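Scroll down for the structure; my scribbles are underneath it.
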Amino acid sequence: MDKVVLFLSLVTLAGVSSQPIADNQRVFSIAVSRVQHLHLLAQALFLDFEGSLQMEDQRQLNKIFLQDFCNSDYIISPLDKHETQRSSVLKLLSISYRLVESWEFPSHSLSGGSSPRNQVPSKLSELKMGILLLIRANQDGAEMFSDSSPLQLAPYGNYYQSVADDESLKRTYELLACFKKDMHKVETYLTVAKCRLSPEANCTL
Amino acid sequence: MRNVQELTWLLLLVLTPRTKGGLSRPGKPTLTSCRSPEKETFTCWWQPASDGGLPTTYALYYRKENSEIMYECPDYFTGGENSCFFNKNNTSIWVNYNITVVATNRLGSTFSDSVDVDVVYIVQPNPPENVSLSVMEDKGWPFLRVAWAPPRKADTRSGWITLIYELRIRSEGENEWETHVAGQQKLFNIFSLRSGGLYLVQVRCKPDHGFWSDWSSPSQIRFPEYFHQEKSAWIVTTAVCAFIFLIITWLLHMNHGSLKHCLLPPVPGPKIKGFDEQLLKKGKSEDIFNALVVSDFPMSWSSSSNSEDLLVELLEVYIPEERENMLGASKDLGGGSFKLESSTSDSDSGRGSCDSRTLLIEKCGRPKEHEDSAEERVEREDWEDARVDTGGRTWPSVFPGLPDRPQRSLSDGLSQVLGPSEGQVCKQIKARSDINIAVSGHKESPARWSVEYVGVQTVVNDDMVILQPWGSREGCTPLHSLQERDYSQVKQVGSDDTLLLLQKVSEGTADGREAGNMSQKSATCMNSTTATGGYVDAAAAFPMTTY
């Protein structure tokens, strides 16, 4: 009797889960496109800022940048293809979620020459919601990575605010560079996860 | 840390002995570029400067961000000369590399400027591979399909790298390329190509954030001549149109006459029976008219077999008013010649007063009235001939053909004229009866003519005519009733188409009395004759001979 019940439950689960796959792909596509847009936005901001700098400042900033690090460096993320492919989809999704979340607050201080300045925080929050949906859809175990991230975020959340304003140029440069890099990370992770979950496991069109 | 390193390098530079002469330390190399073809490995190249006349070695050192450890290039050969290749193990993405190249010779070392490299942003893939060109057809119209494969090393299957493609095409003679963006797809259709041309196609790709690859090697294809099919279609169409045009032209030509007849109907010419155009052309009017006369307008003896159509014939014999004139005219006619006016050929013209019954009775009856008067008798006596009024007032000749046709018997003519009628129509012959002649047997008073109206019932013999007086004709009794029949025998045919009837009395009574009776009868019958029958023009009965 128990086996029958178990069998029936498995069948229903299989039936139910078939539809979320299509929705999964759809949500993945939306998330990938949104993060791509954010990355392009970050790239545009960075280039604008770099263009507005003097040549001397630019060289200095290049040197400075190597020493500093981004606020998201504490988030351990795969840094090459091998590591990325070794990570599970859920791990990739959780890392992406943490990255996006880490930029929710600092993005308010991103200074942009044009209007996109105010759009970044809202876009980030929307992206975070989408990634959360994906995590919940693909969560099949008890792994809850997202729980630990807010605890780590708090000490570093005020990192950029504590710095003095006289180095605003440097800060802006670092902000923009780190933002751009992190967006590209999320884009890559989401694309790899999406391709791995696609029915044919083949991302080639 | 960094300052220490720099101090170290400066000390080395200072402590390095400088040679005198042309030799010196190597020049400052420069890093030209670092590229990653698949976002997994990358290669950096540098440009060496002057070597200072001494053998110079180059070394590349790099440092990762957030780390002070200097690493030397692991591979100087894979990338070629003056290059450093970083394999997968040594490559980290989203990590800044600080790379420096050092040129060293016996006299010293020279450092290049450091370059910060993030592998993500230096990706430049290899050109697409396996570019294939094929001509496909879409509803008869050919187009070019270009297909390619991503570069071998780029991992697009797992989504690690996303490539977008672009292709360009030009024909052989042109210099400008036509560029098409293909997106992420790996095939592309080009439609607007000229037939018979040789085309060159190249494809390149770019990662979503990176550099464009080099163009692939040109692939050639010759577009087929599909305009030939179009030409043949045009040729067929032109031939069909020409054929149709020819047919229409031929039809128009064939129906030219009818079309012309339809659009411009011809004016009908005069149609006169017996009108001979040839004679007209000759100009002999007399012959023409005679021809008209000869034609079977008055029915010929031989030609007309059905004389039933002719209902009534009239033989007009009466004394004209204008006797003197007519005498003159009759003298002219006395050769048996009969002049016909052109208008007299038509008996139906209604010209003569005797054509109509009423008129005929008036005019023609007058002599009867005068019959009893002596004066008239005298006049009649003077009158030699039967008058034939040719003035158009009367009816044309009575027996014009008789004198000229001796071979024809009167009975034949009469029989033909009268026909074996069943008595429906009573035929009347106005005959001049020579009563006196009949009585006397010879012409003592040939001039004493009297006009009577008699009806011919039958023709007994060749020269015997059974006449029927007017009075007895009221009922138009059939032929078999011969109660009051008078027999008249044709005694003589006058020279001028006159008929002398020899009246015989069947009962042997005196002819004179009979004649008188007859005259009376005829007189009585005169009034009643108007209602009966019709007159037949004897001229119509007998053919007109040419005069």
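The values are calculated or read from the model by the stated rules, or taken from the named source; none is laboratory data. Just so it is clear, the structure is predicted and the values come from calculations on it, not from any experiment. Positions of Cβ are backbone-derived with ideal geometry, glycine not excepted, and every protein chain shown enters the neighbour counts. Ligands, DNA and RNA are stripped out before the accessible areas are found, and what is left, the full protein with its side chains, is counted by its heavy atoms. Shrake-Rupley method; radii C 1.70, N 1.55, O 1.52, S 1.80 Å.
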- B:Arg157, sole failed condition from (1) within 14 Å of chain A (Cβ to nearest Cβ); (2) in a strand (DSSP E or B); (3) of a type in the set (D, E, K, R): (2)
- Of the residues in region B:73-103 that are within 11 Å of chain A (Cβ to nearest Cβ) and among the hydroxyl-bearing types (Ser, Thr, Tyr), the one that is most open to solvent (accessible area, probe 1.4 Å) is B:Ser92
- Query: For region B:51-60, what are the residues that are hydroxyl-bearing (Ser, Thr, Tyr) and surrounded by 17 or more Cβ atoms within 10 Å (Cβ to Cβ)?
  - Reply: B:Thr56, B:Tyr58
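Conditions tested, residue by residue: (1) touching a residue at least 24 places away in the same chain (Cβ under 8 Å); (2) closer than 25 Å to A:His82 by Cβ.
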position	(1), (2)
B:Cys44	yes, yes
B:Gln47	yes, no
B:Ser50	yes, no
B:Pro55	yes, no
B:Arg63	yes, yes
B:Tyr76	no, yes
- Note on the structure: Note on B:Ser67: of the conditions (1) within 11 Å of another protein chain (Cβ to nearest Cβ); (2) under 60 Å from the mean Cα position of the chain (by Cα), unmet is (2)
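Residues checked against (1) within 14 Å of another protein chain (Cβ to nearest Cβ); (2) more than 18 Å from A:His37 (Cα to Cα); (3) modelled with pLDDT of 55 or more:
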position: A:Pro121; (1), (2), (3): no, no, yes
position: A:Glu126; (1), (2), (3): no, no, yes
position: A:Pro150; (1), (2), (3): no, yes, no
position: A:Leu175; (1), (2), (3): no, no, yes
position: A:Lys185; (1), (2), (3): yes, no, yes
position: A:Glu200; (1), (2), (3): yes, yes, yes
position: A:Leu205; (1), (2), (3): yes, yes, no
- Task: Return the total of residues in region B:160-205 being more than 14 Å from B:Asn126 (Cα to Cα) and within 14 Å of chain A (Cβ to nearest Cβ).
- Result: 8
- Task: Taking B:Ser112 as meeting all but one of (1) touching a residue at least 24 places away in the same chain (Cβ under 8 Å); (2) not assigned by the TED database to the domain that holds B:Ser67; (3) not aromatic (Phe, Trp, Tyr), write down the number of the exception.
- Result: (2)
- Task: Confirm whether A:Ser115 is modelled with pLDDT under 80, among the polar types (S, T, N, Q), farther than 15 Å from A:His39 by Cβ and open to solvent by less than 60 Å² (accessible area, probe 1.4 Å).
- Result: no
- Item | Matching option when the condition is more than 30 Å from B:Phe191 (Cα to Cα) and away from chain A (no Cβ under 14 Å), among B:Pro142, B:Pro127, B:Pro48 | B:Pro48
- Message: Quick check on A:Ser88: is it among the polar types (S, T, N, Q), at pLDDT 85 or above, surrounded by 12 or more Cβ atoms within 10 Å (Cβ to Cβ) and touching a Lys or Arg at 6+ places or on another chain (Cβ under 7 Å)?
- Response: no
- Note on the structure: By residue number, the members of region B:97-110 that are of a type outside the set (A, V, I, L, M) and in contact with a Phe, Trp or Tyr (Cβ under 7 Å, 6 or more places away or on another chain) are B:Tyr97, B:Asn98, B:Thr100
- Message: Regarding region A:31-39, can at least one residue be identified that is modelled with pLDDT of 85 or more, open to solvent by less than 40 Å² (accessible area, probe 1.4 Å) and more than 14 Å from every other protein chain (Cβ to nearest Cβ)?
- Response: no
